[in-house]
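Right, one structure below, let's go through it.
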Amino acid sequence: GVLVLEAGRAEDAGGVLEYLRGGVGRWLVYALAAGFAGYGLWGLSDALFAIECRGDDNEGWKRAGAGVSAAVHLYLAKQSLDVAIGTARLSGGSADDQARTVLSMPAGQLLLGAVAVGLVVAGVVQLAIGWQCKFLATLDQKVRETWVKWLGRIGYMARGIVFLIAGYFAGAAALADRSARAVGIEEALEWLASPIDMLIAAGLLLFGIYGLIEARYRRIHTPSAAQMEAQVRGAVGS
């Protein structure tokens, strides 16, 4: 969000970390690596022990989603650390490169189509969460009806729009069997005409601010050690 608003350019996560690597920013990358690791381990715990969704009708799907999120964030933690110490450049390649890799696989069009559907579904979910303010359910009561509500609402909807754009182009690439049609989040921002791109970037910036507030005021269920031990024993049949 800051790079788009100040420098007029969009970057993916790798580009942002590369931008931060010099000077004081390098220590921020170390902090981000620690944060990614912490969030990844939290997601892994949620996937294993259903910390956040026990008894939920969609518990299985939510635990699976937590596991995927954990894997992604642990991978980002490793790559961020590599970037910080200078042993690697964090870059997964452009969306074109990634789409080309997928299309080269057996049933590549179907796989890329599935990615496109996933992005569209994720975008719709983000829009729904933002519009209905579902994110408030996990926040402390004292911040629910303040300006934090609008930070989250605008941020989630901005993210949803970006996901929908990326999903649309991934779907077009799958249908045409051409990787050049695929775009990532950074390309989606660049594709939007001014001033829409600036508005979406501002929304992503607000989402980042909301994330910091959520880190402070999110209500987290913490099961006792006895509960977790009982669940592990039940899972292994002992």
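Computed from the coordinates by the stated procedures, all read-outs in this text should not be read as laboratory data. Because the structure is predicted, anything quoted here is derived from the model rather than measured. Cβ placement follows ideal geometry from the backbone for every residue including glycine, while neighbour counts extend to all protein chains displayed.
Paramagnetic label reach from Glu59 (point 7 Å along Cα→Cβ; backbone nitrogen cut-off under 20 Å): within region 135-151, residues 138. Ordering of 199-209, 141-151 by packing is 199-209, 141-151, highest average first (other Cβ atoms within 10 Å, averaged per residue). How far is it, in nm, from the label point at Arg218 to the one at Thr138 when both lie 7 Å from their Cα along the line to the Cβ? Here the answer is 0.4 nm between the modelled labels.
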